1. Would you mind ranking 330, 316 by Cβ crowding within 10 Å, fewest neighbours first?
2. Could you check the simple spin-label distance between residue 349 and residue 48, using points 7 Å along Cα→Cβ, in nm with one decimal?
3. What does the extension gain come out to for residue 364 and residue 294, with contour length at 0.36 nm per residue minus their alpha carbon separation?
4. So how do 263, 308 line up by other beta-carbon neighbours within 10 Å, fewest first?
5. Obtain the nm distance between the two label points defined at residue 244 and residue 258 by a simple spin-label model: each point lies 7 Å from its Cα along the Cα-to-C-beta direction.
6. Using the 10 angstrom Cβ neighbour count as an exposure proxy, how do 325, 302 rank, fewest first?
7. Output ³J(HN,Hα) for the stretch 311-326: one whole-Hz value per residue in order, computed from phi by the Karplus curve 6.51 cos²θ - 1.76 cosθ + 1.60 with θ = phi - 60°, and x for Gly and Pro.
8. Pull up all non-local amide H partners of residue 212: gap of 5 or more, or a different chain, and H-to-H distance under 5 Å with H placed in the peptide plane.
Amino acid sequence: MSKEKDKNKKESALKVNDGIDEPSQINPDVVKKFLSQKKTFSIEGIIEGIKNGDRVALSRAITMIESLNPTHYELAQKIIQECLPLSGNSLRIGITGIPGAGKSTFIESFGTMLTNLGHNVAVLAIDPTSQISKGSILGDKVRMEKLATNPKAFIRPSPSAGTLGGVSRKTKESMILCEAAGFDIILIETVGVGQSEVAVKNMIDFFLLLLVAGAGDELQGMKRGIIEMADAIFINKADGDNLNKAKISAQEYKLAMHLLPPHPAGWVPVVDVCSAITGYNLDIIWQTIQNYVNLAKNNGFFDRNRQHQEAQRIYDYLVEELNLFFWNNDKLQSEYEALKQQVLQQKLTAYQAATILKSLFIKLLSKI
């Protein structure tokens, strides 16, 4: 039978030529070049790299700061300690606003303008973390495509990881490293969740609130707390047919600002319009920030505010360390689960369970 098949195959008019082997989807030359350029860092190498403005070293250090791995945490603290003497020389600007206010577009335009003026700009952009999937998009480098490729800028998107305050748990430490790397302006883009963004006020020198015309409903959701914290309010997207609407909205906010308590620095918050798309009034924003800094430094508020922030940082670290101790302790975890079941079965109140856990917590701490 096989011989008959072979005979028919030879006599057939149809002929299929052998195919060409598909080339590899990976270019070996590119891989070889990448591996030759890939750097391996020791802790000392990372510290030295940061001090020399190496972006790769800076990125790796921030990744270690954000890690929940205890080993990474300890190493990150060593890096921060070494970089601390080189920090504190930047101008820290917080930028917040309602969703859709154009924060990312504004930062790209504003950051590009600052780099053109000779500044080195670091952007710490906080993306909201989903409470369901626990994931974050981290798309700021995509939204800030032009600034992301700017040699005088550095963009680091980080997940909020559920942290209240609209800022990442480790934003303060990341800011220290960016300053040590030579960035003289730090822009912190917050999640934009409203009143809970008070945490960002404890790490920046100037707080800019971006709004859009007709944002009354959104603003009501943010309450007046966010307005009281703002050092300047600018109505963004003031271009084309929207320019007049933006100016009317700005005038309304100017009138409303008179009803708020006096600014602790003796500063009168500025309210105006701008357009991140056209660049309209971006220079006015920069001049406003400079005017504020000059006033705050001359009357001593700038330094007092920085000192207050450092004191607040001690409290933040203490809370975090106690939290880590509690949730990483097997005995406390076991007791928590047992007490939780009693609460669910209505054998204990939540307050009683918390009191028992507190007593055990204190007892374990006393044995350290």
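1. On the way: 330 7, 316 16.
Going from least to most buried by this count: 330, 316.
2. So the two model labels end up 6.2 nm from each other.
3. Working: separation 70, 0.36 × 70 = 25.20 nm, distance 4.98 nm.
In short, 20.2 nm is gained.
4. Fewest-to-most ranking of 263, 308: 308, 263.
5. Those two pseudo-labels are separated by 2.5 nm.
6. On the way: 325 14, 302 18.
Lowest count first: 325, 302.
7. Result, rounded to whole Hz: 5, 5, 5, 4, 4, 4, 5, 4, 4, 5, 5, 5, 5, 4, 4, 5.
8. Residues meeting the amide H criterion: 236.
Read-outs: derived from the displayed coordinates by stated rules, not from any lab. Since the model is a prediction, treat every value here as computed from it, not as a measurement. With ideal geometry, Cβ positions are generated from the backbone for all residues, glycine too; neighbour counts draw on all protein chains shown.
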